[in-house]
Amino acid sequence: MQTQEGERQVKTSQAEHFRLVQSLGEEHIGLEARAQMGDHLDTRVWLRLLACSTQIEQHIRQLLRVHFATSLPRFDYLAQLDRHVDGLRMSILSRNLMVTGGNVTGLTDQLVKDGLVRRTEDPDDRRSWLVSLTKKGRAEFAAMAAEHERWLMEMFAEVPQASKEALYEHLGRLRVHLAQYQAVAEPPAAPKKKRAASR
């Protein structure tokens, strides 16, 4: 039997969801439309985080395409190199961007062709390549980065400073917790298939 406290929480959750839909409209509720009133708070928090991240990302993608005729993956790639003046090994770049080596190789080929990135042999490891920004790449990224920062500031303008600081701190704690959780909760290896007995 549901307790009065449980019923109160469900009603509060329903009211909050209704207000959110009323404020955003059904067409903008996005990934939170997957949430059900009876879902655990952890599920609803995850969906809200995902919805916010997706909404921001989609808007940034659109602005980069319209103003700079570029994509978010290219912007993220250049941002990594902008922080490492001496260049990065492609394997490290792949890890930092959390994409496959094949994706990084494809992006590198495009950016080298456009004159934004140079690729040189790693003097410490002849089997590896170092990638770094060209003068043109650094100048183009600086222009994009300035606009990118302005867009984000506009999107977050109505959020009080104290709320942003608290959110940043809480999300930092969540990331630490998730890293610790993943370190001890690695999925077990798939069982090896038995070979069919030879006849």
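Has the stretch 99-120 got any residue that is of a type in the set (Lys, Arg) and either part of a loop (DSSP other than H, G, I, E, B) or touching a helix residue (DSSP H, G or I) at 6+ places or on another chain (Cβ under 6 Å) (or both)?
Scanning the stretch 99-120, I find at least one residue that is of a type in the set (Lys, Arg) and either part of a loop (DSSP other than H, G, I, E, B) or touching a helix residue (DSSP H, G or I) at 6+ places or on another chain (Cβ under 6 Å) (or both), so the answer is yes.
Here are some residues: 95, 126. Which one is modelled with pLDDT under 95 and either among the hydrophobic types (A, V, I, L, M, F, W, C) or closer than 28 Å to residue 175 by Cβ (or both)?
Values: 126 fails: either among the hydrophobic types (A, V, I, L, M, F, W, C) or closer than 28 Å to residue 175 by Cβ (or both).
None of the other options fit; the residue is 95.
Which number in (1) in a helix (DSSP H, G or I); (2) open to solvent by less than 60 Å² (accessible area, probe 1.4 Å); (3) of a type outside the set (D, E, K, R) marks the one condition that residue 131 misses?
Among (1) in a helix (DSSP H, G or I); (2) open to solvent by less than 60 Å² (accessible area, probe 1.4 Å); (3) of a type outside the set (D, E, K, R), residue 131 violates only (1).
Please go through the stretch 52-65 and pick out each residue that is farther than 12 Å from residue 148 by Cβ and without any contact (Cβ under 8 Å) to a residue 12 or more places away in the chain.
52, 53, 58, 62, 65
(1) without any contact (Cβ under 8 Å) to a residue 40 or more places away in the chain; (2) closer than 29 Å to residue 101 by Cα; (3) not basic (Lys, Arg): which one isn't true of residue 163, the others all being true?
(2)
Which residue out of 121, 154, 147 is open to solvent by 70 Å² or more (accessible area, probe 1.4 Å) and within 22 Å of the chain's Cα centre (by Cα)?
Only one candidate passes the filter, namely 154.
Would you point out which residue out of 89, 138 is farther than 18 Å from residue 70 by Cα, among the basic types (Lys, Arg) and open to solvent by 60 Å² or more (accessible area, probe 1.4 Å)?
Testing whether each residue is farther than 18 Å from residue 70 by Cα, among the basic types (Lys, Arg) and open to solvent by 60 Å² or more (accessible area, probe 1.4 Å) leaves just 89.
Quick one: is residue 68 open to solvent by 60 Å² or more (accessible area, probe 1.4 Å) and touching a residue at least 60 places away in the same chain (Cβ under 8 Å)?
yes
The values are calculated or read from the model by the stated rules, or taken from the named source; none is laboratory data. Remember, it's a predicted structure, so these values are computed and weren't measured experimentally. Positions of Cβ are backbone-derived with ideal geometry, glycine not excepted, and every protein chain shown enters the neighbour counts. The accessibility values were calculated without ligands, DNA or RNA, using every heavy atom of the protein model including side chains. Shrake-Rupley method; radii C 1.70, N 1.55, O 1.52, S 1.80 Å.
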